[in-house]
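In what follows, a structure is listed as structure tokens, so that the remarks can point back to it.
The values are calculated or read from the model by the stated rules, or taken from the named source; none is laboratory data. Predicted, not measured: the structure shown is a model, and the values here were computed from it. Glycine gets a Cβ as well: all are built from the backbone with ideal geometry, and neighbour counts include every protein chain shown. These accessible areas exclude ligands, DNA and RNA; they are computed on the full protein's heavy atoms, side chains included. Shrake-Rupley method; radii C 1.70, N 1.55, O 1.52, S 1.80 Å.
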Amino acid sequence: MRALVLVLVAACGVNQTPQPDPVPTLPSCIPNRDGVIDASELPIAYGATLAYYAGANRTVDLAGKSGIFDLSDERSDDTIVALGPVALGTQWYADQFPTGAFVVDAGSGLDGVYHQDDRALWLDGTASQQPMPAAGKTLVRYADPVALLRFPLADGEAYSTTAMLAAATIDGLPFIGTDKIDVDVTAGQRLDVPYVQFSPVLRVRTHVVRTPSTGTPVIGKRTTLFMFECFGEVARAESKQDETAADFTTATYLRRFALGHTGDTP
């Protein structure tokens with residue numbers, strides 16, 4: 001089995017990640033199905049993509065029953081989207097992220113900037129894809145990159161990071177404050193998506209709370225990822241703003257691995 005693409009972004013979106021041509025050969029990775037994911041089981045394949053079914057405002061069961069998570073309902077209004085990492089280098093904001101290595105489309109005209117080593121998948125920050133978009137430029141750079149996934153990723157892991165934003169720009173406006181990012185990991189027996197099952201999976205719940213230096217308004221967002229060895233993200237559900245339930249039941253954005261669709265030609 002060839003390894004597929006790790007896709008982890010900070011916000012929802014259905015835009016394709018622009019990819020170079022030709023698409024490179026993917027690295028080799030064979031799941032050992034031990035329920036633990038280390039860095040070698042999340043290879044970053046620059047220029048390759050995975051295809052997902054994507055839709056908005058979906059009812060979801062993220063708590064699962066007996067360790068089984070069922071996201072297999074077919075929806076006629078789903079779209080097929082392709083997402084994947086491209087190398088950081090020619091983007092207008094590239095020199096702002098000295099430790100960044102690759103970029104993933106984060107939706108809403110934003111890119112997430114990342115790097116990965118044996119310890120973690122690190123988020124360096126986010127930036128608008130265009131230097132002067134109509135909504136205003138965004139440039140969020142963490143002085144210390146945030147460990148979104150700490151390796152080995154395994155059942156029972158939980159950690160919290162508070163990252164300072166000393167001189168960010170969001171939608172054209174200056175911002176000073178903090179992002180508090182809580183992550184917890186739970187083992188699951190199986191994840192069902194249309195036409196395919198992944199077993200075992202890891203459910204990764206992330207809660208991000210952004211607080212300005214003035215104290216208000218505080219904005220929170222929850223994301224639940226389902227991860228499988230060598231594939232990376234096989235499903236993602238994102239909550240409404242300021243959702244209080246860890247296992248929320250309405251996803252403002254849901255995407256699931258799309259079997260039979262190539263990531264390069266959605």
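Restricting to Cα atoms and excluding each atom paired with itself, what does the Kirkwood estimate give for the range 125-233 in Å?
Numbers: mean 1/r = 0.0631 Å⁻¹.
It works out to 15.9 Å.
Solvent-accessible area assigned to carbon and sulfur over the chain amounts to 53 percent, based on a 1.4 Å probe. Note on the range 51-116 and the range 228-245: Cα centroid distance 9 Å, given to the nearest whole angstrom. Both radii were evaluated on the Cα set of the range 176-266; the Rg over Rh quotient, with Rh as the Kirkwood radius, amounts to 1.06. Taken per residue, the accessible surface of the chain reaches 45 Å², heavy atoms only and a 1.4 Å probe. Applied to the range 142-156, the Karplus parametrisation 6.51 cos²θ - 1.76 cosθ + 1.60 on θ = phi - 60° returns per-residue 3J(HN,Hα) values of 7, 4, 10, x, 9, 7, 6, 10, 9, 8, x, 7, 8, 4, x Hz, with x for Gly and Pro. On the principal axes of its alpha carbon atoms, the range 201-242 extends 43, 17, 11 Å, with the longest extent given first. Using a Gaussian network model on the chain with a 10 Å cutoff between Cα atoms, which of Tyr53, Tyr142, Tyr195 fluctuates the most? Top of the fluctuation ranking is Tyr195.
Under 5 Å from the amide H of Cys29 lie the amide H atoms of Ala3, each residue being 5 or more positions distant or on a separate chain, with H modelled from the backbone and absent for Pro and chain starts. Taking a Cβ cut-off of under 9 Å around Thr223, the surrounding Lys, Arg, Asp and Glu residues balance to a net charge of +3, with basic ones at +1 and acidic ones at -1. Taking every Cα-Cα distance in the chain and sorting them into 5 Å bins starting at zero, the pair-distance distribution P(r) comes out as 1, 6, 13, 18, 20, 19, 12, 7, 3, 0, 0 percent.
Over the Cα atoms of the range 35-92, the radius of gyration divided by the Kirkwood radius equals 1.08; this is the Rg/Rh ratio.
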